[in-house]
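One structure below.
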Amino acid sequence: MFLELTEEQKLIQDTARVFARAELEPVAATLDQSDDRTPMLANLKRLAELGFMGLNVRDTYGGAEAGVIAFSVAMTEIARACASTAVTVSVNNMACEVIQAIGSEEQKRAYIPKICSGEFAAASFALTETCAGSDPSGMVTTATDDGDAWVLNGSKIFITSAPYAGVFVVWAVTNKEAPKGKGISCFLVEGGTSGLLVGKEERKMGQHASATNELVFDNCRIPKSALMGKLNDGFRTAVAELAGGRIGIGSLGLGVGLAAMDHATRYVTERSQFGQKISSFQAIQWKIADSYTELEAARLLLMNAAFRKEQGKPFSKEASMAKMFATEAANRACYQALQMLGGYGYTRDFPLERYARDVRVTSIYEGTNEIQRVIIAREILRNFA
Amino acid sequence: MKLLVCIKQVPDMESRFRPNSQGIWFDENDLAWRMNEYDEYAVEQAVQLREQVGDSAELTVLSIGPDRVVEAIKKSLAMGCDRAVHIRDDHAATKDPWQIASIIAAYAKGQGFDLIFTGMQSQDRGSAQVGVTLAEELGYACATTLVGFAYGDGTVTAKRELEGGIKGVVKLATPALVTCQLGLNVPRYPTLPNIMKAKKKEIEVIAVADLLTEQPLTATTSFHPPARKGGGVVLEGDVGVLVEQLVGILKDKTAVLR
Amino acid sequence: MKTLLIGEYREGKLLDTTYELFGFARQLGAETAMLLVGSASQLPACSGPLYLADASQCGEYSPDLHKQLILDAVQKENPDYIVFIHSSYGWDLAPRVATRLKAAQVSEVIGLSNNAFEVGCCNAKMRRTVKPATGKAVITIQAGAFPVLQPGGTPQVQTVTATAAGNLTFVGYEPAEAKDVDLAKAEVIVTAGRGVGKKENVPVIQALAKALGGELGASRPVVDAGWVEHSHQVGTTGQSVSPKLYIACGVSGAIQHLAGMKKSDFIVAINKDKDAPIGEIADVLVVADVLQFVPALTAKVSA
């Protein structure tokens, strides 16, 4: 048992930290308040050039081959500075990984290098529909075989990065008669394809710089070669791949929670009331002790899940545990941190209110934490049945 | 063309420093380590020159210290150095600048380096001696505090930063050594693929005992925090008197007024 | 005890920092001799031996030659300490001399303590006490750390020269570039707070900043009111700064502001309110009306 990052992992963590501090943090508050995403898109391009879009992707396709632990620690460092940038990076990495896992050689060569290099500003996953959220197999978007093409019809919601994504991984029903989840296939749709419309953008509580849009397919014709993986088998294989994304989101949550607690802890060592630093009050010390302990536990769960994935061991239960625990610990930490700043924490002069808004969605997206519990319980009960 | 860049790993300067048990240096426990900032400018400039000259150049990075310094070495390799020399020394922190320079000189002598880059000083010790002393020991031309660098036809044109923003321009014939200052360049971030590929580059390990022959010329007898500021002074009264009092204090306590 | 002080001369002028060397020698209680590569028309006001080399002949920056001049003077004077200012001239030359003499060097000394020297380390957060282990030692002293001392008198000038073949050629000087506001690099910041009253009073603060060779800073209310541009704002929503001297004029000390400037080396607050929170972190709190006190201070500093 060796609980220490390798030198390469430390260097990647350090590079992410230094870049995030120098480039992401200074614009994070502005991005939160403004509709202009130009600075974030510029930073995404630079992150791509540094290799942050394909951490666990093979060199052949332009990836860094740095592994899952490196991905996790990098996500945490990026999220410490800007959660919106971090979620985009996480989704891009997962897009690369899914294509690498189930795409054809042509598909891999066509798309992964463009995501890794930043030629595509982002990549998107299009799974969720208005009536198919936690139960995605209930989707109704269809892909019809029209001889030389597939024709997509329907709509998706909550699609991260949709306005600037170069490619979308889209799930659609290819066999309506099949039992639930057995007639869904996975497709790669390029941004700008005729019939693919980027709909209204959601007005969210936080993570404002990351666009979240509706996506409409109106007789959207894509080539036959756009099918990824086996026909009618897209749901099982691709959704299994998504477990990796949970490591990303858990790591992201951890980063926001640490940023909040670090800020608040510095603050309480400077703020005086009743003639003494408020860090000398036990009420504050308990918040520090509780939050950092929970965040440390979250980090260890994430490292364990990442390690298992990297070693090729089953990791879906561990990824769900880590995602669930880390994002909930991070939510608690952000609220405790905000409380430690008192009234100041509620103002925009300090980043705590932004952290608290940004972290909120981490227990919702990439599978709600209720669904994570379903997965965890199912995995455990299977061993008792 | 043979190039050498010398780097030091130092603690993150945001750290809280506590004296070690001997009271002569800081306690190394719980510190995060980084490449010395000035050395990053040195590595970047060396890598830029390596790229300018092309494959006929070989750039070696050298560091002295315990095994933890390999992380800084690997960063340099990921930034573009070709190979590395790790002079392994678990007690590097107790050696004075004269010994450190002499160790490097013992390694570099006879290797035929055309150009050596160092930072202008370390962030932790801050003596600003090792580079110049090394040049002197090797008999190399030397310019310090570079904020500008150009190379062509065996000649370095360097801009030195002088006080008040003035620059002094000098030309040096190789072999030469330059020490690098903030503002010389913007060090690149190592890319992730390069961090992974740097694993394959050679790191030659040499025991410090094989190179060290010199005794220290200085001794550190104490490492301590600055005397604590007594609470602030409150001045009240007639404006004319207050001005005199304040100017007196500023002359005494700051370098700003003379 | 004897010191050989190495004077500084640049662009045709004897530099004032030269007199700090005498301040150091006085604290050490040492006799002084000086070596200066300068001009006979600008001799320092001191007594004792002065080895004078002509800068028009020996160059203002010619390290190999200057090193030789110093080594020659060391041989004649046999000093205990050879003392430089820790400047672009001193830190460049001192290790060359120390190496030739195989003498200990102590860099950037800020104080004395019982035959040893205090130096800063770890970005000035900590101190070391350093003792030379050799009979002769080379010292560089931090600019501003020792008092300026003009001993007066007339030096006993000995004109010296040397030749040295070096592989370095001095080409010339480049003037400093005109710069935009960069508070992070400013050594002195004088900040206007709400206590300046109105926009028309800002030039009063600016004048003090200029007199001290520093930059104008501003607190957030002053920027929000449009009295000063945002690029001057200090604090969590502006810039974090750590100058050598920070003078807060009419700044109450909201925690957002304090977070941006509390790392300054020396903090002066000028405020009518003795209980203003800025007083908690100020080294000196001057209880006065900004508009009366600041112009008087500016006049004194400019005089």
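Restriction of the trypsin sites (Lys or Arg not before Pro) in segment C:1-108 to DSSP coil positions whose beta-carbon has at most 14 other beta-carbons within 10 angstrom yields C:Lys102.
The B:Val234 and A:Ala101 beta-carbon pair, evaluated with R₀ = 60 Å, returns a calculated FRET efficiency of approximately 0.30.
Once you treat every alpha carbon in chain C as an equal point and sum by Debye, what is log10 I(q)/I(0) at q = 0.11 Å⁻¹? With one equal scatterer per Cα and no solvent, log10 I(q)/I(0) is -0.79. A simple spin-label model places pseudo-atoms 7 Å from Cα toward Cβ; at B:Asp153 and C:Lys272 they are separated by 7.0 nm. Amide H to amide H distances under 5 Å link A:Gly191 with A:Val167, A:Phe168, where only residues 5 or more positions off or on other chains count and H is placed in the peptide plane. Across chain A, the longest run free of exposed loop sites, meaning chymotrypsin sites (Phe, Trp or Tyr not before Pro) lying outside DSSP classes H, G, I, E and B with no more than 15 other Cβ atoms within 10 Å, spans A:3-273.
Of the trypsin sites (Lys or Arg not before Pro) found in segment C:128-188, the ones in coil according to DSSP and having at most 14 other Cβ atoms within 10 Å of their Cβ are C:Lys179. Over chain A, Cα pairs under 8 Å with separation of 6+ residues give a relative contact order of 16 percent. Among the listed pairs B:Lys2/B:Lys200; A:Lys176/A:Lys323; B:Lys253/C:Lys102; B:Lys200/C:Lys125, give every one whose C-alpha distance is greater than 31 Å. Result: A:Lys176/A:Lys323; B:Lys253/C:Lys102; B:Lys200/C:Lys125 exceed 31 Å.
Does segment A:242-382 come out rounded, prolate or oblate, given a ≥ b ≥ c as the square roots of the eigenvalues of its C-alpha gyration tensor, rounded meaning a/c under 1.5 and, failing that, prolate meaning a/b above b/c?
Prolate shape, in that a/c is at least 1.5 and a/b is the bigger ratio.
At what distance in angstrom do the alpha carbon centres of segment C:244-303 and segment C:217-233 lie from each other? Distance between centres, Cα-based: 16 Å. Listed by chain and number, the aspartates and glutamates placed with their C-alpha closer than 19 angstrom to that of B:Lys199 are A:Glu4, A:Glu7, A:Glu8, A:Asp14, A:Asp59, A:Glu65, A:Glu310, B:Glu58, B:Asp67, B:Glu71, B:Asp82; residues fewer than eight positions away on the same chain are left out.
Quickly estimate the mean residue ellipticity at 222 nm for chain C, helices only: each DSSP H run with n ≥ 4 gives -39500 (n - 2.57), and the total goes over all residues, rounded to 500.
On the way: 8 runs with 77 residues, N = 303.
Value at 222 nm, helices only: -7500 deg cm²/dmol.
I need the shape label for segment B:2-210. Rule: rounded when a/c is under 1.5, else prolate if a/b > b/c, else oblate, with a, b, c from the alpha carbon gyration tensor. It comes out rounded by the Cα gyration axes. Treating each Cα of segment A:142-262 as one equal point scatterer and applying the Debye formula with no solvent, the log10 of I(q)/I(0) at q = 0.17, 0.21 Å⁻¹ comes out as -0.93, -1.23. Loop-resident trypsin sites (Lys or Arg not before Pro) (DSSP state other than H, G, I, E or B) in segment A:1-108 with no more than 16 further Cβ atoms inside 10 Å of their Cβ: A:Arg58.
On the beta carbon distance between A:Lys180 and B:Lys197, with R0 = 51 Å, the FRET formula returns roughly 0.65. Shape verdict for segment A:1-116, please, from the Cα gyration tensor: rounded (a/c under 1.5), prolate (a/b greater than b/c) or oblate. Because a/c hits 1.5 or more and a/b fails to exceed b/c, segment A:1-116 counts as oblate. Between beta-carbons, use under 9 Å as the cut-off and find the net charge around B:Pro193, counting Lys and Arg +1, Asp and Glu -1. Result for the local shell: -1.
Please find the FRET efficiency linking A:Ala240 to C:Glu280, where r is the Cβ-Cβ separation and R0 is fixed at 51 Å, and quote it to the nearest 0.05. After rounding, the FRET efficiency stands at 0.30.
Note on chain A: the alpha carbon radius of gyration divided by the globular reference 2.2 N^0.38 Å gives 0.99. Across chain C, the relative contact order, built from alpha-carbon pairs under 8 Å that are at least six residues apart, equals 14 percent.
Read the figures in this text as sums done on the coordinates, not as results from a lab. Note that the structure is a prediction, hence the values are computed from the model and not measured. When we count neighbours, we look across all protein chains shown, and the Cβ atoms used for this are built from the backbone with ideal geometry, even at glycine.
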